[in-house]
Amino acid sequence: MKQVRPKKNLGQHFLTDLSIARRIADTVDACPELPVLEVGPGMGVMTQYLAEKPRPLRVVEIDTESVAYLHEHFPRLHDNIIGEDFLRMDLHTLFGGGQFVLTGNYPYDISSQIFFKMLDNRDLIPCCTGMIQREVALRMASQPGTKAYGILSVLIQAWYDVEYLFTVEPSVFNPPPKVQSAVIRMTRNQVEHLGCDENLFKRVVKTTFNQRRKMLRVSLRQMLSQEGINSMLSSDYMTMRPEQLTIQQFVELTNMVENVLCSCTSS
């Protein structure tokens, strides 16, 4: 069977450098023994090295041409090649509902969606590794006070420790992307409960970063009345911008917002 043609509509950029493919595959060794799910294997350049590891491996691929190629070249994975859309899958049906490592050369245009799904299934995924657009990787790993610090940074680092491992140049892909790539690893931290309403936490983070240049007393007007804002003006947070807040401070801010919302509802 001839090689698979990269499809622009699926955001496919096939890795061609075998040494980098092996390096990425080896990032899963930080969580030994757990089974592995590879997203978007394409023609299996990473799959071949993941398959060498003494642990269960399943791959999920939405491209039917790639699925046919994988069946032909990886016959021993026959029952573990899933021709579905990862974003629509029920991850509890994999590996008997047990934990697994998530990895892949993720399509750039849906990488954030993949990581939000990871967050929704964080009890199943103690470790996630793989390659994404470098700009996104920098945002995920950035710290408070930096320009890259934003929604992804806060929401992911609330539950995972993020490591920026190494940069990958465009020349090792077919076709070469117009941007640099990076390999990351996220390992579940010890946090079981944030200490606030998690849905409200996400809403506060997204609302404030959507107006990241404004002080919180301005951006929070999207959620609170002027009276509610006034009741919080004694807090130092209200003169800060979102990129200045740590995750714990966002938790505290969320609890303050919840108190205001509850008082408005009860009055």
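Contact map, region 183-198: residues that are closer than 30 Å to Val168 by Cα paired with residues that are in a loop (DSSP other than H, G, I, E, B), Cβ distance under 8 Å, separation 6+ or inter-chain. Pairs shown: Thr187/Cys31; Thr187/Pro126; Arg188/Arg122; Arg188/Ile125; Arg188/Pro126; Arg188/Trp159; Asn189/Trp159.
Of everything in region 93-129, what is at positive phi and assigned to a helix (DSSP H, G or I)? Give them in sequence order. Don't jump to the end; show me each part of the working.
From region 93-129, those at positive phi are 95-97, 104; that's our starting set.
Result: Phe95, Gly96, Gly97.
Given the condition at pLDDT below 95 and assigned to a helix (DSSP H, G or I), answer yes or no: does some residue in region 200-213 qualify? No, region 200-213 contains no residue that is at pLDDT below 95 and assigned to a helix (DSSP H, G or I).
For region 71-90, a residue qualifies if it is buried (at least 16 other Cβ atoms within 10 Å of the Cβ) and free of Cβ contacts under 8 Å to residues at least 40 places away in the same chain, and the qualifying residues are Phe74, Leu77, Asn80, Ile81, Ile82, Met89.
In the set (1) open to solvent by 20 Å² or more (accessible area, probe 1.4 Å); (2) within 23 Å of Gly44 (Cα to Cα); (3) at pLDDT 95 or above; (4) within 16 Å of the chain's Cα centre (by Cα), Asn105 fails one condition alone, (3). The set of residues in region 158-209 that are of a type in the set (Phe, Trp, Tyr), open to solvent by 50 Å² or more (accessible area, probe 1.4 Å) and within 11 Å of Thr254 (Cα to Cα) is empty.
The residue that is farthest from Met118 (Cα to Cα), counting only those in region 78-92 that are in a helix (DSSP H, G or I) and modelled with pLDDT of 95 or more, is Asn80. If only residues of region 33-63 that are touching a Lys or Arg at 6+ places or on another chain (Cβ under 8 Å) and at pLDDT below 95 are counted, the one that is surrounded by the most Cβ atoms within 10 Å (Cβ to Cβ) is Asp63.
The values are calculated or read from the model by the stated rules, or taken from the named source; none is laboratory data. Since we're looking at a predicted model, the values are computed, not measured. Heads up, the Cβs are rebuilt from the backbone with ideal geometry, glycines too, and the neighbour counts pull from every protein chain shown. For the accessible areas, the whole protein counts, side chains as well, though only heavy atoms, and no ligand, DNA or RNA atoms are used. Shrake-Rupley method; radii C 1.70, N 1.55, O 1.52, S 1.80 Å.
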